[in-house]
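A quick write-up on the structure given underneath.
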Amino acid sequence: MIMNLVLTMFTLSMILIMIMSTFSKKSKNWREKMIPFECGFNFFNSAQMPFSIRFFLIAILFIIFDVEIALILPLLTTFFSTSLKMWIFSSFALMLIILMGTLIEWKENSFEWKK
Amino acid sequence: MFKLMLMLSSLILILMMLVAVAFITLLERKILGYMQIRLGPNKASIMGISQPLSDALKLYSKEMVKPFNSNFTSYFFSPSVSLILSLMIWFSLPIFKPILLMKMGLLMFFSILGLGVYPILMAGWSSNSNFSLIGGMRALAQTISYEVSLIFIILSNMILNNSMNFFKLMEVQKMFVYIFFMFNFLLWMISCTAELNRTPFDFAEGESELVSGFNTEYSSGTFAMIFMAEYMMILFFSSFSTIMFFGFYMSELKYFITVMLFIFFFVWMRATLPRYRYDLLMNFSWKIVLPSSTLNLFFFIFLNLTSK
């Protein structure tokens, strides 16, 4: 059933694309129209250039926290199937690790946008 | 036959979602208009009712520009990917309940929310313009850094019913509504706005700095698709917060009223609040929202011990 619904989504957006490519027939292209918008200038070089390293570091931080989220997720379903002591121990240990990790990252100035 | 009817009804539901998205844009323009003491769109048919439809028709009949040097495949298909994702995220909610009730709806929600940054990055990178690239980068960094705290907040609500099923969340809230955890709700609204790239945090398309952000180069139907995907996400997050903090069912009238109130709140924030600063936004995410949501999750885990 879910597969059918997902396929419905795909067909819906394909239909939208097809409607678009049939209706927007007008095309008069010249050079000025094709160049990327840059406030009246012609562009010098390609815009796909190196970017600031801060964005990359933020992504690395996100991966660490995402792995921790993946470790938290089983806590939701295993509450009634394990012993209470085990659940308390594991959940509190995980949360303490996450909190300590956050504080260590903070101490090392990983969260600062500019040095 | 019965299955066919269910399929047809869900298809109609999806189409109605698209129509609702069109009218949300009209609602936003009207509210923005009245908040700036002007009328907003009121000419097309009666009181501007058919304005969004004619807007869509106009956008679809306009010329499609293929920018020079752009990677055309990813430029052309990333809006439709974005639209597909924002339509698919509805399956995680118990809306299609007779035919589809996800036991692990939370995982579906997380995975599609995580996928949502790819079309933005693809659109920003492949249209080969400086504004698009910077807007895409900003949207990416902002979305992923608020996603962590967003997931912590959702987990702290879901941990009280000990399952990943959103229907169970609504069942639990018959007795106690989670809106009473006001701090959690405040954190949710902040990270929700940042996740949607709405106005206090709309660095993905800051008009005064970047022209329109990652969709600068998009023109006709592709732009309409990006627009639809964004407003679909607003609609989704409004209904999701209604389910998560109020626990109303889809068949009730108060559910729709609450959804409308949430949408009105997002538009209201756009009309009143000025734009934040980008480095302050990042500091706010990692230094205030993330530690407080982690402590909040700690509190909720402690609270959950009473349920055994």
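General observations
- B:LEU57 versus A:LEU99: modelled label distance in nm, points set 7 Å from Cα along the beta carbon direction: 6.1 nm
- What the Cβ-Cβ distance of B:TYR118 and B:PHE23 gives, at R0 = 22 Å and to the nearest 0.05, is a FRET efficiency of 0.20.
- Spin-label model distance (nm) - A:SER81 vs B:MET47, 7 Å beyond Cα toward Cβ: 5.3 nm
- Cα-based helix-to-principal-axis angle, A:2-23 vs chain A, degrees rounded to 10: 20 degrees
- Of the residues A:GLU68, A:GLU112, B:GLU147, the one with the largest accessible area comes first in the ranking A:GLU112, A:GLU68, B:GLU147, computed with a 1.4 Å probe on protein heavy atoms.
- Principal-axis tilt of helix B:105-115 within chain B, Cα atoms, nearest 10 degrees: 30 degrees
- Placing pseudo-labels 7 Å out from each Cα toward the beta carbon at B:ARG38 and B:MET104 gives an inter-label distance of 5.1 nm.
- Residue-normalised accessible area of chain A, given per residue in Å² at a 1.4 Å probe: 66 Å²
- If R0 equals 25 Å, the separation of the Cβ atoms of B:MET269 and B:PHE180 corresponds to a calculated FRET efficiency of about 0.65.
- Solvent exposure ordering (accessible area, 1.4 Å, most first) of B:ARG38, B:ARG275, A:ARG54: B:ARG38, B:ARG275, A:ARG54
- Under the Karplus curve 6.51 cos²θ - 1.76 cosθ + 1.60, θ = phi - 60°, whole-Hz ³J(HN,Hα) for region B:82-91, x wherever Gly or Pro sits: 4, 5, 4, 4, 6, 7, 6, 5, 5, 5
- Span from the region B:50-127 Cα centroid across to the region B:217-291 one, whole angstrom: 16 Å
- For chain B, the longest principal axis of the Cα atoms and the long axis of helix B:130-158 meet at an angle of about 10 degrees.
- If you plug the beta carbon distance of B:GLU207 and A:ILE69 into 1/(1 + (r/R0)^6) with R0 = 41 Å, you get a FRET efficiency near 0.75.
- Of all accessible heavy-atom area on the protein assembly as shown, the percent that carbon and sulfur account for (1.4 Å): 73 percent
- GNM top mover of B:SER149, B:SER208, B:SER82 - chain B, alpha-carbon springs below 10 Å: B:SER208
- Chain A contacts chain B over a buried accessible area of about 6800 Å², both sides summed; the probe is 1.4 Å and only protein chains count.
- 19 Å cut-off, amide nitrogen to a point 7 angstrom out along A:ILE15 Cα→Cβ, residues in region B:1-25: B:4-23
- Selected from A:SER13, A:SER46, A:SER90 as most flexible by GNM, with chain A as the system and alpha-carbon contacts under 10 Å: A:SER13
- Residue with peak Gaussian network fluctuation, chain B [Cα springs, cutoff 10 Å], from B:PHE245, B:PHE237, B:PHE176: B:PHE176
- Anisotropy class of region B:65-307 from Cα gyration tensor, a/c 1.5 cut: prolate
The values are calculated or read from the model by the stated rules, or taken from the named source; none is laboratory data. All values reported here derive from a predicted model rather than from experimental measurement. With ideal geometry, Cβ positions are generated from the backbone for all residues, glycine too; neighbour counts draw on all protein chains shown. To get the accessible areas, we keep the full protein, side chains included, count just its heavy atoms, and leave off ligands, DNA and RNA. Shrake-Rupley method; radii C 1.70, N 1.55, O 1.52, S 1.80 Å.
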